[in-house]
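What follows is a single structure, written as structure tokens, with notes after it.
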Amino acid sequence: MATTMRAALDDGTGLYTTQDVPMPEMFEGAAMIRVRQTGICGSDLHMTTRREEAQDLPSGHEVTGEIVELPPGNHNLQVGDRVAIDTVCSGRACFDCRFCNYGQYRHCLNFVEDSGGGFAEYMTRRPLGLFKLHDDMDWTDGALVEPMAVSVHGLRYAGMKPGDVVAVVGSAPIGLSSIASAHAFGASKVIASAKYPQQAELAAKMGADIVTGAEPGELADRVLDETQGVGADVAVESVGGHQAVSFHEAIKATRNQGIMVYLGGIKIPMEVNLFDPLIREIKIISSNCYGIIDGVHDYEVAINLLASGQYPYRDAVKHCFELEEIAPAFKTAFDKTTGAVKVHIVQN
């Protein structure tokens with residue numbers, strides 16, 4: 001195998017350039033994966049605006065690809081398998097610490113050192129972080145498993161129940177997957193907000209019964225109207241970023257003794273008046289990444305949801321670019337006037 005590969009790195013100013021870099025390290029127990037498709041996540045955009053030093057390893061965590069090398073052992077995998085890759089958690093976990101022993105790999109105490117992500121031709125991860133795609137799933141589906149798993153985990157971890165009314169703040173990719181997950185888990189009604197027309201259209205396709213605008217108070221007021229003043233059993237904050245309006249909107253939409261789960265990575269300190277949720281006994285739950293709940297990994301649930309064909313998440317992928325075109329890909333992902341919802345980097 002070659003000693004170098006093509007990869008995209010941020011030069012520290014927010015500009016990605018594709019260059020030759022060393023092949024990723026084959027650490028003990030690692031598999032090698034040929035990357036086929038990688039999504040640009042909102043967190044990738046946020047990190048680009050805040051990064052002050054040039055990258056020495058490629059990022060990109062919404063990844064799918066083909067196994068080209070496996071370590072010894074029985075992994076229920078074989079070379080040539082098409083997989084979705086948990087790059088963050090089980091792909092790097094030790095499987096021997098307190099958290100790994102009950103399937104919460106996000107909190108592993110002994111992660112292997114990061115060997116690089118999906119904005120590259122190849123990457124390495126442990127076989128237990130590789131999840132086989134169904135035969136009728138393509139690379140676009142595979143690269144959507146990770147953002148679907150984020151919402152699957154959030155609602156499972158928060159304890160959403162069939163029959164719950166679910167409010168979703170925001171209909172960007174994580175909001176869309178939250179809508180689909182809530183619908184699949186038996187929500188009696190899903191009410192979502194959307195900032196852009198392309199998001200509103202997709203929100204309805206993904207299972208939202210009602211889609212509102214994104215002005216402050218608009219979603220919460222509609223939720224209260226639809227529930228005779230009660231509020232949502234579960235509210236999901238999916239926006240994050242350098243604002244906190246969405247966090248307050250989610251709390252406002254939650255019923256007394258309800259659950260607000262926030263999935264969006266809010267990047268700024270924020271002031272929150274906790275007296276109102278205290279009086280109303282609201283559970284505010286933070287959720288990050290994915291793991292095993294009730295014996296089933298969130299990636300497996302996400303793969304099954306996507307393979308069902310019931311949720312047209314792939315319609316969110318309106319723009320695809322080659323790895324060598326990653327700079328205009330990021331520019332498109334930033335500029336929602338392009339109609340962008342999810343932008344993918346494809347490698348044939």
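The values are calculated or read from the model by the stated rules, or taken from the named source; none is laboratory data. In this text, all values refer to a predicted model and were calculated from it rather than measured experimentally. Counting neighbours? That spans all protein chains shown, and the Cβs are built from the backbone with ideal geometry, glycine included. Protein only, heavy atoms only, side chains kept; ligands, DNA and RNA dropped before computing areas. Shrake-Rupley method; radii C 1.70, N 1.55, O 1.52, S 1.80 Å.
Could you tell me which of rounded, prolate or oblate describes the range 1-151, using a ≥ b ≥ c as the square roots of the eigenvalues of the alpha-carbon gyration tensor, with rounded for a/c under 1.5 and, failing that, prolate when a/b is larger than b/c and oblate otherwise?
Judged from the Cα gyration tensor, the range 1-151 comes out rounded (a/c under 1.5).
Considering only C-alpha atoms, what is the centroid distance from the range 279-303 to the range 206-223, in Å?
23
Using θ = phi - 60° and the Karplus relation 6.51 cos²θ - 1.76 cosθ + 1.60, list the HN-Hα couplings for the range 210-225 in order, rounded to whole Hz, with x at every Gly or Pro.
Result, rounded to whole Hz: 9, 10, 9, x, 10, 5, x, x, 5, 5, 4, 4, 5, 4, 5, 4.
For the range 205-348, which semi-axes, largest first and in whole Å, follow from the square roots of 5 times the eigenvalues of its Cα gyration tensor?
Listed largest to smallest, the semi-axes of the range 205-348 are 31, 20, 17 Å.
So what J values fall out for the range 89-102 if you push phi through Karplus, 6.51 cos²θ - 1.76 cosθ + 1.60 with θ = phi - 60°, rounded to Hz, Gly and Pro as x?
10, 5, x, 10, 6, 7, 6, 9, 8, 4, 6, 4, 5, 10
Excluding S238 itself, calculate the net charge of residues whose Cβ lies under 12 Å from the Cβ of S238, where each Lys or Arg counts +1 and each Asp or Glu counts -1.
-1
I'd like to know which of G229, G116, S151 lies farthest towards the positive end of the charge dipole of the chain, counting +1 on Cβ of Lys and Arg and -1 on Cβ of Asp and Glu.
Final value for the positive-end residue is G229.
Which net charge results when you count Lys and Arg as +1 and Asp and Glu as -1 among the other residues whose beta-carbon is under 13 Å from that of F27?
Charge balance in the 13 Å sphere: -2.
Would you work out the charge dipole size for the chain about its Cα centre, treating the Cβ of every Lys and Arg as +1 and the Cβ of every Asp and Glu as -1, and quote it to the nearest 20 debye?
600
Roughly how many Å² is the accessible area per residue of the chain, as a whole number, for a 1.4 Å probe?
Using a 1.4 Å probe on heavy atoms only, each residue of the chain averages 43 Å².
Between their Cα atoms, which of K318/K342; K161/K283; K252/K342; K267/K331; K205/K342; K189/K336 are more than 18 Å away from each other?
K252/K342; K267/K331; K189/K336
Across the range 230-242, in residue order, what do the Karplus-derived ³J(HN,Hα) couplings come to in whole Hz, using 6.51 cos²θ - 1.76 cosθ + 1.60 with θ = phi - 60° and x for Gly and Pro?
Residue by residue, the range 230-242 yields 7, x, 7, 5, 9, 10, 10, 9, 10, 8, x, x, 9 Hz.
Connecting C-alpha atoms closer than 10 Å in a GNM of the chain, tell me which of I268, I292, I179 has the biggest fluctuation.
I268
What is the projected area of the convex hull of the Cα atoms of the chain, averaged over all directions, in nm²?
16.9
Counting only Cα atoms, I'd like the Rg/Rh figure for the range 39-114, Kirkwood definition for Rh.
Dividing the radius of gyration by the Kirkwood radius yields 1.02.
Rounded, prolate or oblate: which one fits the range 143-280, using the alpha carbon gyration tensor with axes a ≥ b ≥ c (rounded when a/c is under 1.5, else prolate when a/b beats b/c, else oblate)?
In terms of gyration-tensor shape, rounded.
Averaging sequence separations of C-alpha pairs under 8 Å and six or more residues apart, then dividing by the length of the chain, give the relative contact order as a whole percent.
18
Please report, in debye to the nearest 20, how large the charge dipole of the range 192-348 is about its Cα centre when each Lys and Arg carries +1 at its beta carbon and each Asp and Glu carries -1 there.
I would put it at about 160 debye.
Taking N as the number of residues in the range 85-165, what value does Rg over Cα atoms divided by 2.2 N^0.38 Å take?
Taking the Cα Rg and dividing by 2.2 N^0.38 Å, one obtains 1.25.
Quick one: putting +1 on the C-beta of Lys and Arg, -1 on the C-beta of Asp and Glu, what dipole do you get for the range 228-301 around its Cα centre, in Debye to the nearest 20?
About 220 debye.
At 0.36 nm per residue, and after removing the present C-alpha to C-alpha distance, how many nm does the segment from R34 to I268 gain when stretched out fully?
Net length gain for the segment: 80.7 nm.
For the chain, build the charge dipole from Cβ charges (+1 Lys, Arg; -1 Asp, Glu) around the Cα centre, then report which of V346, A200, V165 sits farthest towards its positive end.
The residue sitting farthest along the positive end of the dipole is V165.
Among K336, K252, K189, which one shows the biggest mean-square fluctuation in a GNM of the chain, springs joining Cα atoms closer than 10 Å?
K336
Going by amide H atoms built from the backbone, whose H comes under 5 Å of the H on A31, apart from near neighbours?
Under 5 Å from the amide H of A31: R125, R126.
Between G264, G73, G29, which gets the highest mean-square fluctuation from a Gaussian network model of the chain, Cα cutoff 10 Å?
Comparing G264, G73, G29 in a Gaussian network model of the chain, the most mobile one is G73.
Give me the net charge for the shell around I191: Cβ to Cβ below 11 angstrom, other residues only, Lys and Arg +1, Asp and Glu -1.
Within the 11 Å Cβ shell, the charges total -3.
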